[in-house]
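**Student:** Once you've had a glance at the structure underneath, I'll fire off some questions.
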Amino acid sequence: MFNYFANPRRFMKLATVLSPWLAGATIVLAAAGLYLGLFASPADYQQGETVRIMYVHVPAAWMALFCYMGLAISAAVGLIWKHPVADVAARATAPIGACFTFLALLTGSLWGKPMWGAWWVWDARLTSVLVLFFL
């Protein structure tokens, strides 16, 4: 099955058919998740209303890491086997990973202000994610 879609023409034919349906499903599921996370969930007894920021922050951070992992795998496949679809996937994944990294940094700062009293602390974890965003 993987070899069948390794042909760029076959892959693009399938992607053209599936893209509108997957985009619609993404919009519906993202809207439902944001509603449930930001409005339907109860407040925490320690963090109060700011706990809802974590429902966006943590998935954004995980998706950023997943995108960069996919970018590294696609780049390796493109370098080793010179596959054109891998190069396209690597080039398309980089801005998506940067957007999720920015969202994780933004929501982390919004959560950090009421919890730590500062928008940003120069912690090694925070600074490494900022460097990852700049790369």
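**Student:** Angle, helix 8-35 long axis vs. longest principal axis of the chain, Cα atoms, 0 to 90°, nearest 10?
**Tutor:** 10 degrees
**Student:** If I build a Gaussian network model for the chain, linking alpha-carbon pairs within less than 10 angstrom, which residue out of Val121, Val85, Val17 has the largest mean-square fluctuation?
**Tutor:** Maximum fluctuation in the GNM of the chain, among the listed residues, is at Val17.
**Student:** Oh, and also: Using only Cα atoms, find the angle between the long axis of helix 84-116 and the longest principal axis of the chain, and express it within 0 to 90 degrees, rounded to the nearest 10.
**Tutor:** Roughly 0 degrees between the two axes.
**Student:** Right, something else. Can you put His83, His57 in order, fewest other beta carbons within 10 Å first?
**Tutor:** With the sparsest Cβ surroundings first, the list reads His83, His57.
**Student:** Give, in nm to one decimal, the length gained when the segment between Asp123 and Arg10 is fully stretched (0.36 nm per residue of separation minus the Cα-Cα distance).
**Tutor:** 36.0 nm
**Student:** Moving on to the next point. When only DSSP loop residues count, what trypsin sites (Lys or Arg not before Pro) in segment 32-135 have their Cβ near at most 15 other Cβ atoms within 10 Å?
**Tutor:** Loop-located and lightly packed - Lys82.
**Student:** Now for a different question. Which of rounded, prolate, oblate describes the chain, given a ≥ b ≥ c as roots of the alpha-carbon gyration tensor eigenvalues and a/c under 1.5 marking rounded, otherwise prolate only if a/b is larger than b/c?
**Tutor:** oblate
**Student:** Can you tell me the length gained on complete extension of the stretch Arg91 to Ala43, counting 0.36 nm per residue apart and subtracting the Cα distance?
**Tutor:** Working it through step by step, the gained length comes to 13.3 nm.
**Student:** Please work out how much length the chain gains when fully extended from Phe66 to Leu135, using 0.36 nm per residue of separation minus the C-alpha to C-alpha distance, in nm with one decimal.
**Tutor:** Net length gain for the segment: 23.3 nm.
**Student:** If you don't mind, there's one more thing I want to ask. Between the helical axis of 124-134 and the dominant principal axis of the chain, each derived from Cα atoms, what acute angle in degrees is found, rounded to the nearest 10?
**Tutor:** Around 40 degrees separate the two axes.
**Student:** Here's something else I'd like to know. Taking Cα pairs under 8 Å and at least six residues apart, what relative contact order does the chain come out at, in percent?
**Tutor:** 21 percent
**Student:** How far is the Cα center of segment 101-121 from the Cα center of segment 5-79, in Å?
**Tutor:** Taking the Cα centre of segment 5-79 as reference, the centre of segment 101-121 is 21 Å away.
**Student:** Right, something else. First check a/c for segment 36-94, with a ≥ b ≥ c the square roots of the eigenvalues of its C-alpha gyration tensor; if it is under 1.5, answer rounded, and if not, answer prolate when a/b is larger than b/c or oblate otherwise.
**Tutor:** prolate
Taken together, the values in this text are just the output of simple stated rules run on the coordinates, not laboratory data. Please read these numbers as outputs of a predicted model, since none were measured by experiment. Glycine gets a Cβ as well: all are built from the backbone with ideal geometry, and neighbour counts include every protein chain shown.
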